[in-house]
Amino acid sequence: MTQPPPILRSAVTTPIIAVLVSIVVLGGCARMATMAPAQQTTNADGSLSEPAPGFTQFPDLPFPPGSQMDIEKTFIVGSNDSWFGQTAVKTKLGANGTFDFYKQQLKEYGWQELSSVRAKTSILTYTRDDRVLSIQLVPGTLQTTDVLITVSPKDGAGIISP
């Protein structure tokens, strides 16, 4: 069997390679929003600072600095301290650092721990008022962590029966 001339081989393979590279690059793009603390912090001189610009929809949850929310994997109903739903976040901390961050910070936001499991996929479960919080932590690449946060009603609270 004869080989096609080199010019024909490159004319055929170059567009195929370009399409494959485009799919990989565009497939990795997600709509992300920067998370920012919803609470004011205190400056060195004792004055209150303004919250940093960013997405502050969740005043009852802490987020590690530099976290990015995946908008396409987020569905929220309600607002302020009475929202339910799910959001996906990517942190710049490793899985252990993210686990420790939530273990330390959630009690300051009024959440009470029900259970926590540190493993390859770590799970933290908390309760607050009439809601349950579940946080799933999966190690990402290059010291990042994929965080899936789910908040749901507890004991049927907030559910309207037919």
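Looking across Ser67, Ser82, Ser122, one residue alone is closer than 25 Å to Asp155 by Cβ and polar (S, T, N, Q). It is Ser82. Considering region 70-85, the residues that are within 19 Å of Trp111 (Cβ to Cβ) and surrounded by 16 or more Cβ atoms within 10 Å (Cβ to Cβ) include one that is modelled with the lowest pLDDT, namely Trp83. Among the residues here, Asp146 does not qualify as of a type in the set (D, E, K, R) and modelled with pLDDT under 95.
Do we find a residue being in contact with a Lys or Arg (Cβ under 6 Å, 6 or more places away or on another chain) and either closer than 12 Å to Ile149 by Cβ or not basic (Lys, Arg) (or both) anywhere in region 71-84? Within region 71-84, one or more residues are in contact with a Lys or Arg (Cβ under 6 Å, 6 or more places away or on another chain) and either closer than 12 Å to Ile149 by Cβ or not basic (Lys, Arg) (or both). Of all residues in region 102-126, exactly one satisfies the criterion of being among the aliphatic types (A, V, I, L, M) and part of a loop (DSSP other than H, G, I, E, B), namely Ala119.
The values are calculated or read from the model by the stated rules, or taken from the named source; none is laboratory data. Bear in mind the structure is a predicted one, so any value in this text is a computation, not a measurement. Backbone-built Cβ (ideal geometry, glycine too); neighbour counts: all protein chains shown.
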